[in-house]
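Inspection log for the structure reproduced underneath, given as structure tokens.
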């Protein structure tokens, strides 16, 4: 399969981790957002929203939206399960994941930040405060639920797949992470695994300076 | 099971529809957000984020986050499936649902609107324009994918469960829906079914004037 990716897209980063964890053979096709490649007719035919990532299956069919892609991979590739077999335990992981997927990530999305500074005339400082605020609110809800060494025990789950890109962004925007020691310990533990470190933005073929 | 609900919460509205569609026996326990009942110690023990809804199972275990609840119900109650049996088709429904669950709803959430008008000092007009902007952007992505008479054909799926509360909110905030004829036709078709109309905010025991 082929993942349409941008090195810094955290939704693409989730997919890169999951594909590595499940050892699913795949290619990564970079889409250069700065050059507007996501708005090309060719890309819009794959993803009408013009969003990265998109996942093209070997038969040419395409799945959009990272959560839908991850649920699809989980249902089709049983190796290294990313959700517990028990439905209630799976619901606990999904609830945790949704705090990142719904309550943090979309509110800090680039298009929202552009609306803030553009249409609403917010300053750079106000934008940064906004960014950090929603991460901090979300992480406050997540931190008490964590076990270790991974989010839900001894093996990575979807929770780690979502957490690592979100922490990466938090650090990039200089969020104070000192109040989240469990999150930071898990982040560092994950990044000792090749599945996670190979998926980092700076490890991608389209990262600057590579 | 017991659904902790607030009549106007659109995430609770999703659950009310799904429980009705699947004909799962349940009680609805109102949580009065205006009286701050969601911040009581009793409620925070159920949902540490203080968010509505929460789903309490018969054995007392609790699931939070509407998407996690709906996936749980789908996995445990096979009657009236809300996702297609085929994994790729299910991914198409989940991708569609995620445009509402991630790209519209969280950005228009009350706590975000409060940050806009409070911390950022946005006017009421700016708040309304923000609200309508994210609905309109999301609906533009959804409208072309719709079939009818329900979102994905002849029976309601998770897509309809998410769509109806989002349209309800759009109308409440006087969003121009004339550019979305397929969405409006599906909204009206859904509301002819008791599972949907019984779940409406104004049909709830905690709605004002009842």
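The values are calculated or read from the model by the stated rules, or taken from the named source; none is laboratory data. The shown structure was predicted, so the numbers you read here are calculated from the model rather than taken from an experiment. Glycine gets a Cβ as well: all are built from the backbone with ideal geometry, and neighbour counts include every protein chain shown.
Tabulated data
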quantity	calculated
Any hit, segment B:40-47, residues being within 30 Å of residue B:129 (Cβ to Cβ) and either in contact with a helix residue (DSSP H, G or I) (Cβ under 9 Å, 6 or more places away or on another chain) or outside the structural domain of residue B:144 (by TED's automatic domain parsing) (or both)	no
Condition met for residue B:144 (closer than 30 Å to residue A:119 by Cα and modelled with pLDDT under 95)	yes
In segment B:115-131, residue surrounded by the most Cβ atoms within 10 Å (Cβ to Cβ) [restricted to those that are more than 10 Å from chain A (Cβ to nearest Cβ) and within 20 Å of the chain's Cα centre (by Cα)]	B:131
Residue identified as within 19 Å of residue B:165 (Cα to Cα) and without any contact (Cβ under 8 Å) to a residue 24 or more places away in the chain among B:68, B:91	B:68
Answer residue from segment B:87-98, given it is closer than 23 Å to residue A:107 by Cα and more than 7 Å from chain A (Cβ to nearest Cβ) and is surrounded by the most Cβ atoms within 10 Å (Cβ to Cβ) among those	B:97
Checklist (1) closer than 20 Å to residue B:88 by Cβ; (2) at the interface with chain B (Cβ under 8 Å from one of its Cβ atoms); (3) in contact (Cβ under 8 Å) with a residue 12 or more places away in the chain applied to residue A:107, failing item	(1)
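Residues checked against (1) loosely packed, with under 15 Cβ neighbours inside 10 Å; (2) within 20 Å of residue A:67 (Cα to Cα); (3) within 12 Å of chain A (Cβ to nearest Cβ):
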position: B:23; (1), (2), (3): yes, no, no
position: B:36; (1), (2), (3): yes, no, no
position: B:44; (1), (2), (3): yes, no, yes
position: B:52; (1), (2), (3): no, no, no
position: B:57; (1), (2), (3): yes, no, yes
position: B:72; (1), (2), (3): no, yes, yes
position: B:85; (1), (2), (3): yes, yes, yes
